[in-house]
Amino acid sequence: MHDIYSWPERIADREGDYLPPDDLQSLIRYSLSFPERLDLYQVFQQQELTWIQEVLNQQGSVDTANLSPAQCLLARQLALCLRSVGLSLLMGDPLPLQQWICGAMEYYLGLPEALDQLWQTLQGSLPTEQQDLVAPYWQMLRAACPSPAPEAEPSPTPSVVAEVEPPHASPEPALTLMEMFV
């Protein structure tokens with residue numbers, strides 16, 4: 001099924017009425033595709049570690065037992081990505097993927113490049129039919145995390161601007177333990 005939408009919203013729109021024939025046929029296709037989506041979700045569960053290790057190897061990490069903190073964070077982000085895509089695919093609803101996208105795009109880790117490598121790895125290990133099921137969700141993910149524009153030098157990470165009090169303001173005295181808990 002290539003339609004990505006929320007069934008509860010559609011059914012709520014039709015409350016008190018029967019579904020039109022097109023919606024009914026879509027619901028039947030959605031229901032009948034569950035075993036296939038479940039199989040693919042289980043492939044994601046079983047292959048996650050293998051796929052991530054392959055991407056880390058492509059990134060230059062030979063010893064996956066002793067990863068740097070940045071590599072561990074990248075591996076974690078890739079795992080969260082795979083889990084979100086898998087869950088969205090299983091449910092036939094992009095909400096889990098959209099929630100992940102809203103909170104986790106870490107450009108400074110090289111996530112866009114790693115996602116491209118992960119997609120190539122998935123394509124190499126999944127049959128064409130399963131790739132077709134995953135593709136709409138993966139495109140949604142990639143659209144939210146575009147590859148950086150080709151430049152001579154990589155663009156700097158956006159800096160975080162912190163509010164700083166003017167130098168003439170005196171700092172407030174720290175609270176005592178009694179004041180903190182009373």
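Data table
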| item | result |
| --- | --- |
| Inter-site label distance for residue 24 and residue 59 at 7 Å from Cα along Cβ, in nm | 5.1 nm |
| Mean Cβ count within 10 Å, highest first, over the residues of peptides 81-90, 117-126 | 81-90, 117-126 |
| Full-extension gain in nm, residue 9 to residue 72, via 0.36 nm per residue minus C-alpha separation | 18.9 nm |
| Simple label model, 7 Å out from Cα along Cβ direction - residue 46 to residue 91, nm | 2.5 nm |
| Å² of accessible area per residue within the stretch 30-92, as computed with a 1.4 Å probe and no ligands counted | 53 Å² |
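The values are calculated or read from the model by the stated rules, or taken from the named source; none is laboratory data. Just so you know, these numbers come straight off a predicted model, no measurement behind them. Positions of Cβ are generated from backbone atoms using ideal geometry, with glycine treated the same way; all protein chains shown enter the neighbour counts. The area values use the complete protein model at the heavy-atom level, side chains included, leaving out ligands, DNA and RNA. Shrake-Rupley method; radii C 1.70, N 1.55, O 1.52, S 1.80 Å.
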